[in-house]
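Chemist: Take a look at the following structure, please.
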Amino acid sequence: MQNRTDEPGRTRWRRFAAMMVPATAAVGAILFGMQSGAIASDITVSGQTFKIGAERLEGDGFTQYGGIVKEKNGKVHPVALSEISSAQLYKLCQSVRADLPGLPVVLTINAGDDKPATAKNMMIAMDSLGGNATFTNIRIGRDATDLNASAQAGSFGQDAQHVTITDLRQVSRYTTAATFNLTGLRLKVNVGEAAKGKECFADD
C-alpha cells in the first residue's frame, strides 16, 4: 500500500488513530454513563473477547462511534462500535480461548480462502483494531446520533463511503450481521499442545 496520506477523502490508519486519541479521552466519561449505547439493552455478552484476523477487508458504508456492552453480572465494557453495510473478508480467521483447568483449548474458524466471506449490515463491538487502512470520503467528528439514533448525543462519530483494511487484527466482544456467508468454512477445537499458536494473532 502506498505511503501517501494527502489524497483527498483518504487517510491512512496511523493518522486516523492519532486523531482518535483525544476524542476518545474526551468522551470516556460519557461512555461509562451510557445506559445502552447502540446495543439493545436485553443483549448480554460473555466475559471473553475473541480475535478476528483477515488478510484484507473491503467494506462499504462504514460508520464508527462509542458504545457499551454488558455482561449478565452487570459489568460494563466501553467499546468502539463499527457498522459496515456490506463487507468482504479475505482469508478470515476467528479464534477464542476456551481453556479448561490445566488444559489449553482454542476454538478456530477459518473461511474465505478461495472466495471472500461476505456480510451484510454488520455491527462489531471491539476493544481494539489494528492494520493498515484506507478510507474513502471519510468524515471525522460527526455527532454519533447522526450515524445511529441510539448512540449518545454529542459524542464522537465518523463515517466513510468505503474502507479497505489489510492485515486486520481485531479484538471483539460482540458481532452481529443480517447475513454472514462463510465460504470454505473450517471449524476446529485445538486442545493441549495442538492449541499452541492457533489464535489468529499473538497479543500485542
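The values are calculated or read from the model by the stated rules, or taken from the named source; none is laboratory data. All figures in this text were calculated on a predicted structure; none of them were measured in a lab. Every residue, glycine as well, gets a Cβ built from its backbone with ideal geometry; the counts of neighbours run over all protein chains shown. These accessible areas exclude ligands, DNA and RNA; they are computed on the full protein's heavy atoms, side chains included. Shrake-Rupley method; radii C 1.70, N 1.55, O 1.52, S 1.80 Å.
Chemist: Give the cross-link partners of Lys196 among the lysines, using a straight C-alpha distance below 22 Å as the criterion and excluding same-chain residues fewer than 8 apart.
Modeler: List returned: Lys51, Lys91, Lys188.
Chemist: Whole-Hz ³J(HN,Hα) for each residue in region 70-85, computed from phi via Karplus 6.51 cos²θ - 1.76 cosθ + 1.60 with θ = phi - 60°, x for glycine and proline: what do you get?
Modeler: 3J(HN,Hα) across region 70-85, in whole Hz: 10, 8, 4, 7, x, 5, 10, 10, x, 9, 8, 9, 10, 10, 9, 5.
Chemist: May I pose another question? Just by accessible area at a 1.4 angstrom probe, what is the order of Asp204, Asp127, Asp159 from largest to smallest? Could you put the intermediate results ahead of the total?
Modeler: On the way: Asp204 185, Asp127 75, Asp159 15 Å².
Largest accessible area first, the residues go Asp204, Asp127, Asp159.
Chemist: Here is a follow-up. For Asp60 and Asn121 in the same chain, what is the full-extension length gain: residue separation times 0.36 nm, less their Cα-Cα distance, in nm?
Modeler: Numbers: separation 61, 0.36 × 61 = 21.96 nm, distance 0.99 nm.
Additional length available on full extension: 21.0 nm.
Chemist: Could you list which residues have their amide H under 5 Å from that of Ser86, counting only those 5 or more apart in sequence or on another chain, with H placed in the peptide plane?
Modeler: Result for Ser86 returns Asp60, Asn121.
Chemist: Rounded to the nearest 0.05, what FRET efficiency do Thr136 and Ser46 give with R0 = 25 Å and r taken as the Cβ-Cβ distance? Could you check? Working shown, then result.
Modeler: Values: r = 35 Å, r/R0 = 1.39.
Efficiency, rounded to the nearest 0.05: 0.10.
Chemist: Another question about this same structure. Describe numerically, in nm with one decimal, the distance between label points set 7 Å from Cα along Cα→Cβ at Ala202 and at Ser128.
Modeler: It works out to 1.3 nm between the two label points.
Chemist: Convex hull over the alpha-carbon atoms of region 66-204: what's its volume per residue in Å³?
Modeler: Working: hull volume 19.5 nm³, N = 139.
With only Cα atoms used, region 66-204 gives 140 Å³ per residue.
Chemist: Enumerate the calculated ³J(HN,Hα) couplings along region 121-137 in order (Karplus 6.51 cos²θ - 1.76 cosθ + 1.60, θ = phi - 60°), each rounded to whole Hz, writing x wherever the residue is Gly or Pro.
Modeler: Listing the rounded values in order: 6, 8, 10, 10, 9, 10, 8, 7, 8, x, x, 10, 10, 10, 10, 10, 6 Hz.
Chemist: Per residue, what accessible area does region 42-130 have, given a 1.4 Å probe and all protein chains present, in Å²? Write out the running numbers ahead of the final one.
Modeler: Values: 3940 Å² over 89 residues.
Per-residue accessible area for region 42-130 comes out at 44 Å².
Chemist: Let me ask another. Between Val105 and Ala149, what is the label-point separation in nm under the 7 Å Cα-to-beta-carbon projection?
Modeler: Label at Ala149, label at Val105, 4.2 nm between them.
Chemist: A further question follows. Return the aspartates and glutamates within reach of Lys198: Cα separation strictly under 18 angstrom, same-chain partners fewer than 8 residues apart disregarded; answer none if there are no such residues.
Modeler: Leaving aside aspartates and glutamates fewer than 8 places away in the same chain, those within reach of Lys198 are Glu55, Asp99, Asp113, Asp167.
Chemist: Okay, moving on. Let me spell out the model: positive unit charges on the Cβ of Lys and Arg, negative unit charges on the Cβ of Asp and Glu, origin at the Cα centre of region 37-140. What dipole size does that give, in debye rounded to 20? If you can, show how the numbers build up before the last one.
Modeler: Working: 10 positive and 10 negative charges, 32 e Å.
In debye, rounded to 20, region 37-140 gives about 160.
Chemist: On a full-extension model of 0.36 nm per residue, what is the gain between Val76 and Glu193, subtracting their alpha-carbon distance, rounded to one decimal in nm?
Modeler: Values: separation 117, 0.36 × 117 = 42.12 nm, distance 3.40 nm.
Length gained between Val76 and Glu193: 38.7 nm.
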